[in-house]
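Working notes, structure below.
The values are calculated or read from the model by the stated rules, or taken from the named source; none is laboratory data. The model shown is predicted, which means the values in this text are computed figures rather than measured ones. Quick reminder, even Gly has a Cβ in these numbers, built from the backbone with ideal geometry, and neighbours come from all protein chains shown.
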Amino acid sequence: MNCKIGQQITIADDFVIESVFGGDKLQVKQDDKGFVDSRGMIHYISGQARGKIQKFEDIEAKGYDHENIAKMVFRRIKNEFGLSEYLEDYEISEKDFVNEIEDVLSNIL
């Protein structure tokens, strides 16, 4: 399967993953979400496996999903630094802010 780096994916079928270090089993369910990194690994961002990383041999990451990367950068900055209040004070929409990040990424990557 070909994906772009930073692309958000939605899990199609339920399956179980097992921790490398303790044998803990986690249920990954249909419609759980993750994103693909530059090594073709999935970083789960929802569901029971949230925060876990899994390698799939059949995922090849080529190119970049600038829009989703920009959204991820925005969410992190917004959550870490309380960006919402700043944006409200200066009447800047979240969409415009994300578009600016995406524009920068498009020029760099």
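Summary of values
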{"quantity": "Test result for residue 38, surrounded by fewer than 18 Cβ atoms within 10 Å (Cβ to Cβ) and either within 16 Å of residue 109 (Cβ to Cβ) or assigned by TED's automatic domain parsing to the domain that holds residue 94 (or both)", "calculated": "yes"}
{"quantity": "Some residue of region 63-76 being among the charged types (D, E, K, R), farther than 19 Å from residue 7 by Cβ and either under 15 Å from the mean Cα position of the chain (by Cα) or not assigned by TED's automatic domain parsing to the domain that holds residue 12 (or both)", "calculated": "no"}
{"quantity": "Flag if residue 108 is surrounded by 13 or more Cβ atoms within 10 Å (Cβ to Cβ) and either under 16 Å from the mean Cα position of the chain (by Cα) or not charged (D, E, K, R) (or both)", "calculated": "no"}
{"quantity": "Tally of residues being farther than 17 Å from residue 37 by Cβ and either among the charged types (D, E, K, R) or out of contact with any strand residue (DSSP E or B) (no Cβ under 7 Å at 6 or more places or on another chain) (or both) across region 1-19", "calculated": "5"}
{"quantity": "Set 53, 101, 59: member being assigned by TED's automatic domain parsing to the domain that holds residue 31, within 22 Å of residue 3 (Cβ to Cβ), aliphatic (A, V, I, L, M) and touching a residue at least 24 places away in the same chain (Cβ under 8 Å)", "calculated": "59"}
{"quantity": "Subset tally (residues that are more than 18 Å from residue 109 (Cα to Cα), of a type in the set (Lys, Arg) and part of a strand (DSSP E or B)) for region 1-35", "calculated": "2"}
{"quantity": "Residue within region 55-77 that is on the phi > 0 side of the Ramachandran plot, out of contact with any Pro (no Cβ under 9 Å at 6 or more places or on another chain), surrounded by fewer than 17 Cβ atoms within 10 Å (Cβ to Cβ) and at pLDDT 95 or above present", "calculated": "yes"}
{"quantity": "Breaking point among (1) in contact with a Leu (Cβ under 6 Å, 6 or more places away or on another chain); (2) not in a loop (DSSP other than H, G, I, E, B), for residue 49", "calculated": "(2)"}
{"quantity": "Candidate set: region 56-108, residues that are β-branched (Val, Ile, Thr) and assigned to a loop (DSSP other than H, G, I, E, B); chosen: the one farthest from residue 45 (Cα to Cα)", "calculated": "92"}
